[in-house]
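Read the structure below first, then the notes.
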Amino acid sequence: MRLPALPLALALSLVMTQTAVAPLHAADPLWKESQGAPPPADIQRLNDFMHDLSERLKPPLVQVRVRRVAEPKAEGQEQQPSVPNPPDERRSSGSGFLIREDGYLVTNAHVVGDAERIQVRLSDGRRFDAKLVGLDERVDLALLKIEATGLPVAQLGDSNRTRVGEFVLALGHPFGLEQTVSFGIVSRKGAPIQVASPGFEFIQTDAAVNPGNSGGPLVNMAGEVVGVNSMAAVNGSIGFAIPVNLVKALLPQLAEKGKVEWGWLGVTIAEVGDEDAAKFGLKEPKGVLIRQVVVGQPADQGGIKANDVVVSVDGAAIESPRDLQRIISSTPVGKIVKISLMREGKETEVAVTVGAYQAAPTRAPRRVVPPSSRPPAPQPPR
């Protein structure tokens, strides 16, 4: 005999309900507990090493908190109803690290630029007001000072010895989170995304560099600082760090003068293309083409003309615009340099007194940039 459909459904529902609400005995766990199986010995040694290294690097790491005066509202701009009394200040934070026991520390220029007040929070929780000793926006470097003694300091290494593929750690305070460590490798050494940096190689890494990491150290596996984290792609997948050798070269000027005096010629430059080498009397496409010469600037005063090709400076061969940028920018202001040129197929030499770089009046670009960006050509030797 066939049972009615409705009573059969009710019977199945009762069976399922009774099964679902069956009492759980206290002895029946909701999960299976691990028996504490250790990882392979090699992995355990690596884990211990990375943990010990991270803990050793944290004491010199600091958080930099900044207060800025808010930009005034445009005329006619209405106040937001959700903010009855909008604050007249803006707050932000970044990272930094101590380099001397009496309170000198390094961070990025964009972290502390235009700050009304700078506060530094140490790893032990103490807070100090900081003084801005010096700042350079071209490389994005700043030197701060707090009144304290006996502080833990980071050890600065040699960034020239850093190789692509080596492991590195990026330390900082991203998104306001305290003392984070991210792991990666050196992905590349070369020109940074920002055009303003005068021809120096920056360190590219895939270690996470997020907002708030700016100014923190990039550290090798020996525990040495090899760079200062400065900027990242929008998605955080590509980070750039200022090489520590460049930092060490600039710190004395920041401490003494409060700024860096970059050399300047006053020209617009470009690469020599393959098709242009013969036209300029070159055997191969090397050197730097002078596109324009600014009237009254050092290059103009020294006799450099448009369409000249610079092949050497004080005997140092020039193969690309970055070579010329780096050599001229790092030459002391007022020094006379001998520049070898190819002009209308003939080699000639001029003496130029290097001038002081003058920043454009426009505001420096943001340090977070799209990964597809590239420095446009032509580029001036800053």
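Rule-based calculations on the coordinates, nothing more; no lab input. Note that the coordinates shown come from a computational prediction; the quantities given were computed from them, not determined experimentally. Using ideal geometry, Cβ is built from the backbone for each residue, glycine included, and neighbour counts are taken over all protein chains shown.
Taking other Cβ atoms within 10 Å as a rough exposure proxy, 305, 283 sort from fewest to most as 283, 305. Estimated at 0.36 nm per residue, the fully extended path between residue 237 and residue 319 surpasses their Cα-Cα distance by 26.4 nm. Of the cross-linked pairs 189/338; 145/259; 189/283; 58/131; 259/286, which ones have a Cα-Cα span greater than 24 Å in the structure shown? Violating the 24 Å Cα-Cα cut-off are 189/338; 189/283; 259/286.
Packing here is the average count of other Cβ atoms within 10 Å per residue, and on that basis the peptides 290-301, 324-335, highest first, run 324-335, 290-301. Each of 239, 251, 221 was scored by the projection of its Cα onto the charge dipole of segment 217-315, and the greatest displacement toward the positive side belongs to 251; charges sit on the C-beta of Lys, Arg, Asp and Glu. Give me, ordered by chain and number, the residues 5 or more places off residue 104 or on other chains with an amide H under 5 Å from its own placed amide H. Those qualifying (amide H under 5 Å, at least 5 residues apart or on another chain) are 99, 146. Computed from backbone phi, the HN-Hα couplings of segment 344-352 come to 6, x, 10, 7, 9, 9, 10, 10, 10 Hz, rounded to whole numbers (Karplus: 6.51 cos²θ - 1.76 cosθ + 1.60, θ = phi - 60°; Gly and Pro given as x).
Annotation: extensible slack from residue 185 through residue 68 equals 38.6 nm (criterion: 0.36 nm per residue apart, minus Cα-Cα distance). Ordering 322, 56 from the fewest to the most neighbouring beta carbons within 10 Å gives 56, 322. For segment 267-284, putting each phi into the Karplus relation 6.51 cos²θ - 1.76 cosθ + 1.60 with θ = phi - 60° gives couplings of 9, 10, 10, 7, 6, 8, x, 4, 6, 9, 4, 5, 4, 9, x, 9, 6, 8 Hz, in residue order, rounded to whole numbers and with x for Gly and Pro. Stretching the chain fully between residue 164 and residue 127 yields a gain of 9.6 nm (0.36 nm per residue, less the alpha carbon separation). Between residue 346 and residue 175, the simple label model (points 7 Å from Cα in the Cβ direction) yields a spacing of 6.6 nm. Amide H contacts under 5 Å for residue 134: 143, restricted to partners 5 or more places along the chain or on a different chain, H placed in the peptide plane at 1.01 Å from N. Apply 1/(1 + (r/R0)^6) to the Cβ-Cβ distance of residue 284 and residue 153, taking R0 = 51 Å, and write down the FRET efficiency to the nearest 0.05. My answer for the efficiency is 0.60. Database remark: amide H of residue 212 closer than 5 angstrom to the amide H of 175 (H placed geometrically; neighbours at sequence offset of 5 or more, or on other chains; Pro and chain starts carry no H). Once divided by 2.2 N^0.38 Å, the Cα radius of gyration of segment 155-253 becomes 0.97.
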